[in-house]
Amino acid sequence: MINPYYLQIASFILINIILGLSIYITLSTGQLSLGNAGFMSIGAYTSALLTVKVGLPMVAGILAGSLLAFLIGILIGIPTLRLQGVYLAIATLGFGEVVRVLFINWESLTSGAVGIAGIPHLGRTMLAGLQERGFSSEQWGLKNNEFISLTIFIILLAITVLLLAFFSRLFASRVGRAFRAIRLDEKAAEAMGIHTTYYKILTFSMGALLAGFAGALFAHVTGYISPADFTYHRAVEILVFAVFGGSEVLWGPVFGALFLTVMPEMLRGMSEYRYFIYGTILVVMMVFRPQGVLDQPLLDRLRGRRGGGGDDAA
Amino acid sequence: MFFEQLINGITLGSIYAIVALGYTLVFGVLDIINMAHGEIFMFGAFVGMLLISYFEAPVLLALGGAVLVTAAMGLLLERLALRPLRGKKGASHLASLISTIGVSIILENLAHHLFGAGNKPFPTSFADASFTVGSTTVYLVQVIILVIAVLLMVGLSLWLRKAKAGKALRATAENLETASLLGINTGRIIVSTVVVASAMGGIAGVLVGMAFNYVNNQMGLPMGLKGLAIIILGGMGSVNGAMAGGLILGLAETFVVAYGNSGYRDAIAFVAIIVILLIRPQGIFGQALPEAKR
Amino acid sequence: MLLEVQDISMVFGGLAALREVSFSLAEGEILGLIGPNGAGKTTLFNVITAFLTPTQGEVRLAGKPLTGLRTSRITERGICRTFQNIRLFDQMTVEENVMVGRHCRSRAGVWPSVLRTGAQQKEEGAIREKTRELLSLVGLTGHDRELAANLPYGLQRRLEIARALAGEPRLILLDEPVAGMNDQETAEIAALIKKILGFGITILLIEHDMSMVMKVCDRLVVLNFGEKIAEGTPQEIQSDPLVIEAYLGREEGE
């Protein structure tokens, strides 16, 4: 019944949902970040190095990785977000490449292009911890690898649900209204007393934090990372989750990440054309449906009620 | 040694300038950053490589072929990914950015499927030809690149200033609505801007192939990033800024590599972006501060 | 004096849109800013609200200079505005537009919003209450769930006024609130303006509809080619030869 292969795909879907949220939150003030793969790698490398080389516990590594991504996000955001949106896109594109170059070249710390292996594994660490307390997988009628996959899935699911609750409440508040006002008309928003620069830096650095967090989780789920995991292609993939699924409603990136992670698994042989399809999705969506597959009117219709507006952003 | 590095830097810088001119022309007229420009540049390099290595074509023919192909790509880009977004209600400034990112990803993978991964040699008959001036060795290929680049830049400047189409283009860049009221066919100006910019990218591709003797399908992104850094450095939409910024970046990279760590060459462009945004966000030649607001 | 505009000049690339314009508004007063198209009226609004930084001069609110403050800070100090070319958040509902206008008078940040603390819930309730009040004041009750983009033009103008009032301004800047309206609608807006004055809010009004301006304004300031050419009561302005020339001269030019 419990199939580790399906559980692993489900776990990757959940990580991709967090990544999709990371770009969605930045887009919510009308800003495009192309550096989320870079922030992801900062979270991943920080947590991996702290746990492997310093021996910190996994939770401390993940928190440190997320926090560092957040701080660097603020540093990049301050000079660029006072300017037109394109500056942020360009600066973050450059940032992503520089971080990757840094991880490739700083061999003494990162082992360069080879990457870091033997990162403490989320599921195995949990199992080991429980076994010390006398638990064994058989008590639940599971094999060890089934237990490991199931643990990862449950932890990631809990995290994702918490994050979705966090953002659905945030978007339904005064702060969320300010985000949307800025996206719709930045100057008018400023005239309403909204400090637009503050909120733009806030959403951008929250996006960086989430990407770093997802990166740290990724490191401890796969157990191995290398600079090849965090290329510009990854940044585009993250963007596609939100652009395809919907960049104006919280369920958009969730649907995008779910659909675009499951599709290649179901259609074997499609993975070769994955980036063709991603590129085509970006162009076609911008031409025919710039808000993405899911938008508020569609959600209202799915729920069978009309009107309602967007105050319930979830 | 110093003078050789200086010549290397100027050669590299003149290529960067041509790439940056492609971005700045499109930004000046359309207020759009064409994220696919780097990949169009890469296709120019591949067309040049194919013509030279399989048909043993002379350099000028390789340039001509690259111009034809990349100009056609510019035309398609405008038709399929830019024009449908123009004047569309509710399309934000992000729409064109995202759609050109889509095109860039398609092109990079198309190149991967057509030409394969990894470096492809770009052989030129004069790759090793050199002469010495005093104690400085100068390669013939550097002279050729410099001559082509300077001709192109002078030609573009003259065209923008003197030719009727160039004037119309500048008027359109100044103000699209006014230009169309003055009877300028702005739709045609926009198409020709994208086509000319793409063709310049194609030429830059062949020049890079000649300079480095190889091409690959990943070369678009780093070169695109440098072009973008240069237009931020020189001022968005500024033609002179693109040329000056190109030279500055070319020289900076050459000297950092000569006296420092070559692994970080591609990082210089990014550092330049952040520094310029902190101290002079409008760029060296930019006039009005492009602030979204206060 | 509530608002003092002192020696404001605004030069765009060698072209002066405003030349050393000075005037002031007393608390509770309504001042009309009139002049031919291109006289610099909206530019002056943009300077007061810091959309533009003046080349020269100073604006003071209740004696305190506003120089160097960003737009949102000026809104917080008590100057709210509407726009000549309506700038509603068109993909938000009517209600949400007014709620956004309330931003500078509320404070709940990220954590209170996510944790739904008591204070945040109370504040959100107060925002909704105030919004209902304002929508009823401008005559938009019953439209609260409609998208702003779907409102007819006249109601959009009213919504802009409600949104500006939500910021509890001491001074409200109205940029052509009756442009494109018929006599009936104009009279309704004039009545609304009187009500706003009744709340003790000072008004600076740009308007082309002369009969309305003459009726509602205490005083007028006339701009022409970026310069102040006259200031006084509606009666004084009507008989001012410079003003007559500015308006007649414009008609001759056309």
query = Does C:Thr43 satisfy the criteria of being crowded, with 20+ Cβ neighbours inside 10 Å, of a type in the set (S, T, N, Q) and either part of a loop (DSSP other than H, G, I, E, B) or touching a strand residue (DSSP E or B) at 6+ places or on another chain (Cβ under 9 Å) (or both)?
reply = yes
request  = Take C:Lys195 and decide whether it is within 14 Å of chain A (Cβ to nearest Cβ) and farther than 22 Å from C:Thr42 by Cα.
outcome  = no
request  = Hand me the list of helices (runs of 4 or more DSSP H) wholly inside segment A:120-188 holding 2 or more residues that are away from chain C (no Cβ under 14 Å).
outcome  = A:122-132, A:144-171
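Quick grid of which residues meet (1) more than 10 Å from every other protein chain (Cβ to nearest Cβ); (2) of a type in the set (D, E, K, R); (3) over 19 Å from the mean Cα position of the chain (by Cα):
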{"site": "A:Glu190", "(1), (2), (3)": "no, yes, yes"}
{"site": "A:Lys200", "(1), (2), (3)": "no, yes, no"}
{"site": "A:Ser205", "(1), (2), (3)": "yes, no, no"}
{"site": "A:Ala208", "(1), (2), (3)": "yes, no, no"}
{"site": "A:Phe218", "(1), (2), (3)": "yes, no, no"}
{"site": "A:Thr222", "(1), (2), (3)": "yes, no, no"}
{"site": "A:Ile225", "(1), (2), (3)": "yes, no, no"}
remark   = Exactly one of B:Leu140, B:Leu94 is at pLDDT below 90 and in contact with a strand residue (DSSP E or B) (Cβ under 7 Å, 6 or more places away or on another chain), and that residue is B:Leu140
request  = Please name all residue pairs, on different chains or six or more residues apart, with Cβ atoms under 6 Å, provided the first residue is in segment A:188-201 and is more than 15 Å from A:Gly85 (Cα to Cα) and the second residue is surrounded by fewer than 21 Cβ atoms within 10 Å (Cβ to Cβ).
outcome  = A:Ala188/C:Arg87; A:Glu190/B:Lys293; A:Gly193/C:Glu76
key: From C:Gly142, C:Gly101, C:Gly154, residue being more than 19 Å from the chain's Cα centre (by Cα) and either facing chain A (nearest Cβ under 10 Å) or without any contact (Cβ under 8 Å) to a residue 40 or more places away in the chain (or both)   = C:Gly142
key: Candidates C:Gln121, C:Gln156 - the one that is within 20 Å of A:Ser168 (Cα to Cα) and at pLDDT 95 or above   = C:Gln121
inquiry  = For segment C:179-189, check the following and say yes or no: at least one residue is assigned to a helix (DSSP H, G or I), touching a residue at least 60 places away in the same chain (Cβ under 8 Å), on the phi < 0 side of the Ramachandran plot and not assigned by TED's automatic domain parsing to the domain that holds C:Ala148.
reply    = no
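Which one of C:Leu248, C:Leu242, C:Leu220 is part of a helix (DSSP H, G or I), at pLDDT 85 or above and not small (Gly, Ala, Ser)?
C:Leu242
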message = For segment A:75-91, which positions are more than 18 Å from B:Met35 (Cβ to Cβ), touching a Leu at 6+ places or on another chain (Cβ under 9 Å) and either more than 12 Å from chain B (Cβ to nearest Cβ) or without any contact (Cβ under 8 Å) to a residue 24 or more places away in the chain (or both)?
response = A:Pro79
request  = Of the numbered conditions (1) in contact (Cβ under 8 Å) with a residue 60 or more places away in the chain; (2) within 13 Å of another protein chain (Cβ to nearest Cβ); (3) farther than 22 Å from C:Lys195 by Cα; (4) of a type in the set (Gly, Ala, Ser), C:Gly78 fails exactly one; give the number of that condition.
outcome  = (3)
query = Among (1) aliphatic (A, V, I, L, M); (2) touching a strand residue (DSSP E or B) at 6+ places or on another chain (Cβ under 7 Å); (3) at pLDDT below 95, where does C:Met212 come up short?
reply = (2)
message = Within segment A:97-111, take every residue that is at the interface with another protein chain (Cβ under 9 Å from one of its Cβ atoms) and within 25 Å of A:Lys200 (Cβ to Cβ) and give me the one that is nearest to the chain's Cα centre (by Cα).
response = A:Glu97
request  = Could you tell me whether any residue of segment B:73-90 is under 27 Å from B:Asp31 (Cβ atoms), surrounded by fewer than 18 Cβ atoms within 10 Å (Cβ to Cβ), within 20 Å of the chain's Cα centre (by Cα) and not β-branched (Val, Ile, Thr)?
outcome  = yes
remark   = Scanning segment A:249-298 residue by residue, those touching a Gly at 6+ places or on another chain (Cβ under 9 Å), more than 10 Å from every other protein chain (Cβ to nearest Cβ) and aliphatic (A, V, I, L, M) turn out to be A:Val249, A:Val254, A:Ala257, A:Leu258, A:Leu260, A:Val293, A:Leu294, A:Leu298
message = Go through (1) of a type outside the set (Phe, Trp, Tyr); (2) at positive phi; (3) within 14 Å of chain A (Cβ to nearest Cβ) for B:His113 and report which single condition fails.
response = (2)
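The values are calculated or read from the model by the stated rules, or taken from the named source; none is laboratory data. Please read these numbers as outputs of a predicted model, since none were measured by experiment. No Cβ is skipped: glycine too gets one built from the backbone with ideal geometry, and neighbour counts run over all protein chains shown.
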